[in-house]
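The next block holds one structure in the form of structure tokens; read it before the comments.
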Amino acid sequence: MLKKEKTILVTGGAGYIGSHFVNQLLRQDVKIVIVDNFSQTRKNIIKNGKVEYFECDLRDKSKLSDIFKKYMFDLVVHFAALASVPESIIKPHEYYENNLLGGLNLLECMRSTGVSKIIFSSSASVYGEPQMEEIKENHPKNPTNPYGYSKLVFEQILKDYSRAYGFNSISLRYFCAAGCDESLSVGEYHNPETHVIPCILKTLLGAREKFFVFGNDFPTPDGTGVRDYIHVNDLAGAHLKAMEKLFENGEICEQYNLGINKGFSVMELIKAAEEISEKKLNFEVKPRRHGDPSRLIANSSKAQAELGWKPQYLEIKDIILSAYNFFKTTQI
């Protein structure tokens, strides 16, 4: 817990992961300022006296600078980014402009106002095709898509800012975020929806006609892609632990994997979702998408040892059930 009131800037705080983090951060003695361009939705706006929202795209440096002049931020949590692997291959210019130019504007506003602490939402996409069963932070970095490259380049920028300007940063490499808060107060809203679990559930609930399995010829037990799915509230909790470390320690520039250290195939997700919903999924197998690794499984022992973080959701059915309850209740 933080010892005195802090003012925290959260970029992308109305997004899926950002809003779940803000929902947990409210329990602490903080003032929360959220910057979001609301490109996905406004449905995750949390109405609370501790929270103030600004509609601002990070590429608008002038408007962003005005917000920095209004507050004395103690720390920045940077979620805002475009985050679709297939779209990044089709529109690389948008991903580099949003994720890198916007990020640089944020860092320069921090530097000009003396803010030196930042938590960055990175991604397992920085690794590319795995060379071992479980991925540690020192695994070779060879992204297979522009989204992953944008995350890796920004991590390098943070290292350079650490050396040159004394920035302190923690980059959290998410594996596959999934699930929803059981209170249903915030949820997963994407337009269009590209995440696999919501797409499966929306098909089962009748909001989509068919689910597509992209690839059944991967070198995995059933031929479909394998991923490490981590509950969004466990991700949020890791950010709180990262905040504590940044406030308690001096110089730091670290990267941590966040996952549950086991993987599930697309077919295993389908089976679990069918059991939860008691319905059969209408699905069709399509060719692999370019840029999709066959498997991504985390080794998150470093985060557990150094941040004191431990995921609470370890069963895929529990993760899927939390998402199913959200989509069933909200009917989206």
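Read the figures in this text as sums done on the coordinates, not as results from a lab. Everything quoted here is computed from the prediction, not taken from an experiment. Cβ atoms come from the backbone with ideal geometry, glycine included; neighbour counts cover every protein chain shown.
The table for this structure:
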| read-out | value |
| --- | --- |
| Under 19 Å from the T7 label point (7 Å along Cα→beta-carbon), backbone N, the range 75-109 | 75-78, 106-109 |
| Loop-located trypsin sites (Lys or Arg not before Pro) in the range 271-300, at most 16 other Cβ atoms within 10 Å (DSSP) | K279, K280, R288, R289 |
| Computed over the range 1-150, Kirkwood Rh from alpha-carbon pairs, angstrom | 16.4 Å |
| Per-peptide average of other Cβ atoms within 10 Å, ordering 304-314, 47-57, 22-32, 232-242 highest first | 232-242, 22-32, 304-314, 47-57 |
| For the chain, calculated [θ]222 nm from helices alone, where every DSSP H run of n ≥ 4 adds -39500 (n - 2.57) | -11000 deg cm²/dmol |
| Relative contact order (%) - criterion: Cα under 8 Å, at least six apart; region: the chain | 19 percent |
| The range 91-195, relative contact order in percent, only Cα pairs under 8 angstrom and at least six apart counted | 32 percent |
| Theoretical gain in end-to-end length, F283 to S65 [0.36 nm per residue, Cα-Cα removed] | 73.7 nm |
| Antiparallel bridge percentage (DSSP; both residues within the chain; nearest 5) | 5 percent |
| Order of L321, L158 - criterion: other Cβ atoms within 10 Å of each residue's Cβ, fewest first | L321, L158 |
| Within the range 144-268, percent of DSSP bridges classed antiparallel, to nearest 5 | 20 percent |
| Relative contact order of the range 42-105, pairs being alpha-carbon contacts under 8 Å that are 6 or more residues apart, as % | 42 percent |
| Potential lengthening between R111 and N138 on full extension [0.36 nm per residue; Cα-Cα distance subtracted] | 6.9 nm |
| Nitroxide proxy distance, nm - points 7 Å out along Cα→Cβ at Q24 and K43 | 2.3 nm |
| Selected from T11, T144, T194 as most flexible by GNM, with the chain as the system and alpha-carbon contacts under 10 Å | T194 |
| Spin-label zone in the range 63-79 - amide nitrogen under 12 Å from a point set 7 Å from the Cα of F54 along the C-beta vector | 63-73 |
| Residue-span extension gain [L205 to K271] - 0.36 nm each, minus C-alpha spacing | 22.3 nm |
